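What follows is a short report on a single structure.
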There are 2 protein chains.
Amino acid sequence: MSPKITTELLKQLRQVMKSPKYVQEPVQAYIVPSGDAHQSEYIAPCDCRRAFISGFDGSAGTAIVTEQHAAMWTDGRYFLQAAHQMDNNWTLMKMGLKDTPTQEDWLVSILPEGSKVGVDPFIIPADQWKRMSKALRSAGHDLVPVKENLIDTIWTDCPQRPCKPLITLDLSYTGVSWRDKIVALRSKMAERRVLWFVVTALDEVAWLFNLRGSDVEYNPVFFAYAVIGMNTIRLFIDGDRMMDPAVREHLQLDSTLEPEFKIQVMPYGSILSELQAVGAGLSPKEKVWLSDKASYALTEAIPKAYRYLTPYTPICIAKAVKNTSETEGMRRAHIKDAVALCELFNWLEKEVPKGTVTEIIAADKAEEFRSQQKDFVELSFATISSTGPNGAIIHYKPVPETNRTLSVNEIYLLDSGAQYKDGTTDVTRTMHFGTPSAYEKECFTYVLKGHIAVSAAIFPNGTKGHLLDSFARSALWDCGLDYLHGTGHGVGSFLNVHEGPCGISYKTFADEPLEAGMIVSDEPGYYEDGSFGIRIENVVLVIPAETKYNFKNRGSLTFEPLTLVPIQTKMIDVNLLTQKECNWVDDYHQKCREVIGAELERQGRHEALQWLIRETEPLVRVQ
Amino acid sequence: MSPKITTELLKQLRQVMKSPKYVQEPVQAYIVPSGDAHQSEYIAPCDCRRAFISGFDGSAGTAIVTEQHAAMWTDGRYFLQAAHQMDNNWTLMKMGLKDTPTQEDWLVSILPEGSKVGVDPFIIPADQWKRMSKALRSAGHDLVPVKENLIDTIWTDCPQRPCKPLITLDLSYTGVSWRDKIVALRSKMAERRVLWFVVTALDEVAWLFNLRGSDVEYNPVFFAYAVIGMNTIRLFIDGDRMMDPAVREHLQLDSTLEPEFKIQVMPYGSILSELQAVGAGLSPKEKVWLSDKASYALTEAIPKAYRYLTPYTPICIAKAVKNTSETEGMRRAHIKDAVALCELFNWLEKEVPKGTVTEIIAADKAEEFRSQQKDFVELSFATISSTGPNGAIIHYKPVPETNRTLSVNEIYLLDSGAQYKDGTTDVTRTMHFGTPSAYEKECFTYVLKGHIAVSAAIFPNGTKGHLLDSFARSALWDCGLDYLHGTGHGVGSFLNVHEGPCGISYKTFADEPLEAGMIVSDEPGYYEDGSFGIRIENVVLVIPAETKYNFKNRGSLTFEPLTLVPIQTKMIDVNLLTQKECNWVDDYHQKCREVIGAELERQGRHEALQWLIRETEPLVRVQ
């Protein structure tokens, strides 16, 4: 990796920062955040502005350019990568280290008195604007919105914003029609006495209208906004995709409908002016509901007194609770996904000893097997295929420079998943194709104990996921081991592989309580820097539990694994497991054998079936 | 309990709410919060203004009086008590129920347009003022500070503010002189670049100066404020207690000292004007550090630009980490406390079958035995002595109307503690003096498993206590049982029995990480309404742990019980315990026998020693 040469680009940017063509007054600093106008985790190439200006293309990072300086804030996952990708015009600001200043403090320390700091108001979330604006103002500076994105003005070969065809999902996949979703949303709006709801997150638009797209890699979403009134529906979307007869039919664009279900299609770019018109027409006590993470531009379109902001939108919360059609779809997707992984692991077992399988080859092979499955759409994230020391890099993605050959001497960690039309998968298995050391088995077994502790946990209705995080760590902690990431995230239903508002992590407190129908991952791990990585991840469904006393009728919950892929017993030190934990593993493997075995049989994949049967033998305690 | 008749009082209050003598403009509503000017949990009789105006004397509740209405907000612990104690002038607002409006919403719904809502600015914490003021303003009303407390103007027989003599604590108790504490505080101030620190919490003033008082029952504190500058120390305190030669000597008031350690003693009531003078004299970038829970009056004395507010003060954090002298003192206090409880339980075992021991008699007897111990000062909270169904009332305190006789047929729960000059105790034991039922034993054993899970937990340095809360619940959850309170609170060293900034609770997220030297309680429970209550509470010290892999040198922590009182083995269903849990109980009892046994021997308490030996026999597994 050689760094991107940015001298000329920075010169150009500094020019437009002073150009009356783009800014009312010169700005002394310009902030380039990571995200897009929808605060997406994954973004399209046209939105990779920070990568364009700096060369650093990690998933998180904020660039700030002033007349004299160019600085990049990123976190520990990316210190090395950012240092490699950026030339010496740039100062790396290592977040989380004690001496690293915040963006605000740094700006205050270097700016001349009374400076203007510019930012694209469509890219910065309202809550972040508020914090930064306050800090700058109290030091005598001003945060100002710069309407035209200054990076776009110098990015001559900027890719087009994608505008790919849409997929319509019928009731057999979604369980609820978009009309019924609108009705439910309006009833939530009535409850909170708001007249308008603005849908800004891409997965929320897709979920609401039972549509999917492919504008962003790995995430089946499309660029759009929606504004839902009590009697109107406005969808802001570009391109001729609304000409597709299937989409027109699905949205009933040409039918005679009750007016309150008539969708008005408007250009993507007109959202701001339309929202401003809504804002201007409000009477006292009429409110507009937005996520508090919506962009500053859209939030400002509504006068402050009329805004109703919440951290989680009613769509985010409704989307998280899967209905029967969705959970059945997720089950089917996970069965197909397990078939592909049985094929892969069977193939690896034969090929790895030959010394010809690299991390990239293994990842490609996994994709090949998945793509053979019905309704496969694409992967759900970049496959983490890592062997030996690469396994300790939690967000590793093999590239030619780091690509390592799998061997019988190293642990192999595969964290991968796919989008199927009926569901989204995300699974991690850690395998050894030779003989693991006692220490590797010991660590693996602690991680497994943590995985089981969460998966088998029983807890009262109303419990938030973060309260379960320590269960995943207890066995590791007893021996002085830990892992520095959360234990689980929400998973969409043929949608984003990471979604809110629930999860299992020590890092959050504002998660919504778990309820039956929610789907999260359970993925504790252990990482030995320079040596190996271990993670065991299932996607699990929250289901009602049966308990002896049932929490005074409050009801109780537990998890059911949707992922049904064997956990390598060779890696388990059985004597470290309790009888209950042994039973959990044996029951889990029995279920894998039954459910996935039947599907392998049906698909005529006999060799993989034999592998599955071998890998799901009951544990044997060696005393 | 008959309700207090408040018709005349409310009439008087409504008059002064309009009287130009007390208010610049009439106020349409007046708020009477629960606390005192120091945001204390326990308050002196002169501060029980809400109890005076309403009759309701629970520990939490806010009264609001308007021209037409009088309403009281309190939580589930007090619904019954408040209903009994208040006459029908009052509307009870049951917090936590879905249909109960917040104070702000209720005010907005009933006030005429453009109303003024008054409150004593010394009693309302700044963060609460901010929230309420914002809500009222956005509805067109104003929250206004009323300097003279309106309750005090009509409270003709209001008790005097206590002004009792002080106790000086020498180095053998405190480990650090007040001068060194000032030096450490100033270094924290320099780190944050603040010039002044305002000490508003009573226990923080007491800790800083190594003084104790008895102005508030159960809490060895005294009414005072302090303002610490980089070169000045101002102590705001009333009465002739500063004339006491021991206090003068301790504070070196008559010595020739370096000026930066010279304490200026000022009247308690002059804090506001002195602070206003400090505020008026500040230059740009000079800051004043306050708790964000300090009163609105004191916070407002410092112009906004000069305030530095934090949820935990540096004193709060320093106070929580006990030094060797303090932990040794706490150990001594807990040994004495255990001696008293061995005597008590031995006495109860003989007396209860006679049917003559009531909850009040048992509580008095506990106090009697404690008062025989060296350096006993007072109880650390009102003894919870409860049998049978009373045990299910978590904050129960026996009064003649509810006083129940202990019997061999009911579970007895005793939650009690004391202030000794060398430390503060807080211990709960649940005993049966006859034969417990299988169900009672089952519940007790789950609670015990939770208690052990926390007490024996190993966790990495930097872990916050709230991450351990679920460990205490896991065994209960497995069977569909739970308890609706936190698992532990910080404990002061001859100071308040409840103190921040650490604890073990699902309810908080902003607690400070646990570190070696901190002291917390470990007190899971289970409550069967109308039937019994179970709680097992030890005070535990955070200590370094030994682990196999030591968290990559991050270090690890665990707990050591300071409380050494037998846990009744008769209540344990041994077959529900793992071998590890059995060993924990046996080791704990062995330690009780050795440490407390030696002290009982030394004090010649032979009968109690025999009881201790009987109660600390190893567990026997009946297969």
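Specify the residue that is surrounded by the fewest Cβ atoms within 10 Å (Cβ to Cβ); the eligible residues are those in segment B:457-467 that are of a type in the set (A, V, I, L, M) and assigned to a loop (DSSP other than H, G, I, E, B).
Among them, the one singled out is B:Ile458.
Mind telling me which of the residues B:Asn538, B:Asn575 ends up being polar (S, T, N, Q) and under 30 Å from the mean Cα position of the chain (by Cα)?
B:Asn538
Output the number of residues of segment A:474-487 satisfying the condition of being open to solvent by 10 Å² or more (accessible area, probe 1.4 Å) and under 21 Å from the mean Cα position of the chain (by Cα).
3
The rows are residues; the columns are (1) among the aliphatic types (A, V, I, L, M); (2) open to solvent by less than 10 Å² (accessible area, probe 1.4 Å); (3) out of contact with any helix residue (DSSP H, G or I) (no Cβ under 6 Å at 6 or more places or on another chain); (4) assigned to a strand (DSSP E or B).
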residue: B:Asn403; (1), (2), (3), (4): no, no, no, no
residue: B:Glu440; (1), (2), (3), (4): no, no, yes, no
residue: B:Phe444; (1), (2), (3), (4): no, yes, no, no
residue: B:Leu448; (1), (2), (3), (4): yes, yes, yes, no
residue: B:Asp469; (1), (2), (3), (4): no, yes, yes, no
residue: B:Ala472; (1), (2), (3), (4): yes, yes, no, no
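Could you figure out which of (1) surrounded by 17 or more Cβ atoms within 10 Å (Cβ to Cβ); (2) of a type outside the set (A, V, I, L, M); (3) at positive phi isn't true of A:Arg193?
All conditions are met except number (1).
Would you mind finding the one in A:Val427, A:Val454 that is touching a Gly at 6+ places or on another chain (Cβ under 7 Å), buried (at least 23 other Cβ atoms within 10 Å of the Cβ), within 30 Å of B:Asp478 (Cβ to Cβ) and in the same structural domain as A:Glu368 (by the TED database)?
Matching residue, one of A:Val427, A:Val454: A:Val427.
Suppose we keep only residues that are in contact (Cβ under 8 Å) with a residue 24 or more places away in the chain and of a type in the set (Lys, Arg) within segment B:603-622. Which one would you say is most open to solvent (accessible area, probe 1.4 Å)?
Checking each candidate, the answer is B:Arg621.
Determine the pairs where a residue that is within 16 Å of B:Glu351 (Cα to Cα), located within segment B:412-438, has a partner that is among the charged types (D, E, K, R) and in a loop (DSSP other than H, G, I, E, B) with Cβ atoms under 8 Å apart, the partner being 6 or more residues away or on another chain.
As it stands, the answer is B:His432/B:Glu410, since those pairs meet every condition given.
Residue-wise test of (1) within 34 Å of the chain's Cα centre (by Cα); (2) part of a loop (DSSP other than H, G, I, E, B); (3) in the same structural domain as B:Arg370 (by the TED database).
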{"residue": "B:Cys582", "(1), (2), (3)": "yes, no, yes"}
{"residue": "B:Asp587", "(1), (2), (3)": "yes, no, yes"}
{"residue": "B:Gln590", "(1), (2), (3)": "yes, no, yes"}
{"residue": "B:Glu594", "(1), (2), (3)": "yes, no, yes"}
{"residue": "B:Ala598", "(1), (2), (3)": "yes, no, yes"}
{"residue": "B:Glu601", "(1), (2), (3)": "yes, no, yes"}
{"residue": "B:Glu607", "(1), (2), (3)": "no, no, yes"}
{"residue": "B:Gln610", "(1), (2), (3)": "no, no, yes"}
{"residue": "B:Arg621", "(1), (2), (3)": "no, yes, no"}
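Name the strands (runs of 3 or more DSSP E) wholly within segment A:224-342 that hold at least 1 residues that are small (Gly, Ala, Ser)?
Filter on segment A:224-342 gives A:224-229, A:288-291.
Could you please give the count of residues in segment B:488-540 that are within 14 Å of chain A (Cβ to nearest Cβ), surrounded by 22 or more Cβ atoms within 10 Å (Cβ to Cβ) and free of Cβ contacts under 8 Å to residues at least 60 places away in the same chain?
Residues flagged as within 14 Å of chain A (Cβ to nearest Cβ), surrounded by 22 or more Cβ atoms within 10 Å (Cβ to Cβ) and free of Cβ contacts under 8 Å to residues at least 60 places away in the same chain within segment B:488-540 amount to 2.
Note down all Cβ pairs under 9 Å where the first residue falls in segment B:570-594 and is touching a residue at least 24 places away in the same chain (Cβ under 8 Å) and more than 14 Å from B:Lys449 (Cα to Cα), the second is among the polar types (S, T, N, Q) and open to solvent by 70 Å² or more (accessible area, probe 1.4 Å), and they're at least six residues apart or on different chains.
Partner pairs satisfying both residue conditions: B:Lys570/B:Thr435.
Condition test on A:Phe433, is it open to solvent by less than 20 Å² (accessible area, probe 1.4 Å), of a type in the set (Phe, Trp, Tyr) and not assigned by the TED database to the domain that holds A:Gly213?
No.
State yes or no: is A:Ile237 closer than 23 Å to A:Lys287 by Cβ and surrounded by 19 or more Cβ atoms within 10 Å (Cβ to Cβ)?
Considered against the rule, which asks whether it is closer than 23 Å to A:Lys287 by Cβ and surrounded by 19 or more Cβ atoms within 10 Å (Cβ to Cβ), A:Ile237 comes out as no.
Can you pull out the residues in segment B:344-370 that are open to solvent by 60 Å² or more (accessible area, probe 1.4 Å) and outside any helix (DSSP H, G or I)?
Answer for segment B:344-370, where residues must be open to solvent by 60 Å² or more (accessible area, probe 1.4 Å) and outside any helix (DSSP H, G or I): just B:Thr356.
Going by the conditions given, is A:Ser291 over 30 Å from A:Thr425 (Cβ atoms), within 26 Å of the chain's Cα centre (by Cα) and at pLDDT 95 or above?
Judged against the criteria, A:Ser291 is not a match.
Being open to solvent by less than 50 Å² (accessible area, probe 1.4 Å), in contact with a helix residue (DSSP H, G or I) (Cβ under 9 Å, 6 or more places away or on another chain), more than 27 Å from A:Gly462 (Cβ to Cβ) and away from chain B (no Cβ under 14 Å) is true for just one of A:Leu600, A:Leu562. Which residue is that?
Of the residues listed, the single one that is open to solvent by less than 50 Å² (accessible area, probe 1.4 Å), in contact with a helix residue (DSSP H, G or I) (Cβ under 9 Å, 6 or more places away or on another chain), more than 27 Å from A:Gly462 (Cβ to Cβ) and away from chain B (no Cβ under 14 Å) is A:Leu600.
How many residues are touching an Asp or Glu at 6+ places or on another chain (Cβ under 7 Å) and either touching a residue at least 60 places away in the same chain (Cβ under 8 Å) or not assigned by the TED database to the domain that holds B:Ile64 (or both) when one looks only at segment B:133-166?
Number satisfying all stated conditions: 8.
List the number of the failed condition for A:Lys374; all other conditions in (1) under 21 Å from the mean Cα position of the chain (by Cα); (2) open to solvent by 10 Å² or more (accessible area, probe 1.4 Å) hold.
(1)
Those residues that are more than 8 Å from chain A (Cβ to nearest Cβ), outside any helix (DSSP H, G or I), in contact with a helix residue (DSSP H, G or I) (Cβ under 9 Å, 6 or more places away or on another chain) and not small (Gly, Ala, Ser), I need them from segment B:474-487; list them, please.
Result: B:Tyr483, B:Leu484, B:Thr487.
Restricting the search to segment B:108-161, which residues are open to solvent by 50 Å² or more (accessible area, probe 1.4 Å), under 22 Å from B:Ser54 (Cα atoms) and charged (D, E, K, R)?
B:Lys147, B:Glu148, B:Asp152, B:Asp157, B:Arg161
When you scan segment B:28-38, do you find a residue that is open to solvent by less than 10 Å² (accessible area, probe 1.4 Å), farther than 30 Å from B:Gly490 by Cα and more than 29 Å from the chain's Cα centre (by Cα), even just one?
yes
Are any residues in segment A:275-294 out of contact with any helix residue (DSSP H, G or I) (no Cβ under 7 Å at 6 or more places or on another chain) and either surrounded by fewer than 18 Cβ atoms within 10 Å (Cβ to Cβ) or polar (S, T, N, Q) (or both), and if so, which ones?
Correct list: A:Ala277, A:Ala280, A:Gly281, A:Ser283, A:Pro284, A:Lys285, A:Ser291.
Just name the residue that is farthest from A:Pro26 (Cα to Cα) out of those in segment A:67-125 that are in contact (Cβ under 8 Å) with a residue 60 or more places away in the chain and of a type in the set (Phe, Trp, Tyr).
A:Trp90
Output yes when any residue across segment A:414-431 is over 22 Å from A:Thr563 (Cβ atoms) and either at pLDDT below 95 or part of a loop (DSSP other than H, G, I, E, B) (or both), and no when none is.
no
The values are calculated or read from the model by the stated rules, or taken from the named source; none is laboratory data. A quick note: this is a predicted structure, and the numbers were derived from the prediction, not measured. Ideal geometry is used to build each Cβ from the backbone, glycine not excepted, and the neighbour counts take in all protein chains shown. For the accessible areas, the whole protein counts, side chains as well, though only heavy atoms, and no ligand, DNA or RNA atoms are used. Shrake-Rupley method; radii C 1.70, N 1.55, O 1.52, S 1.80 Å.
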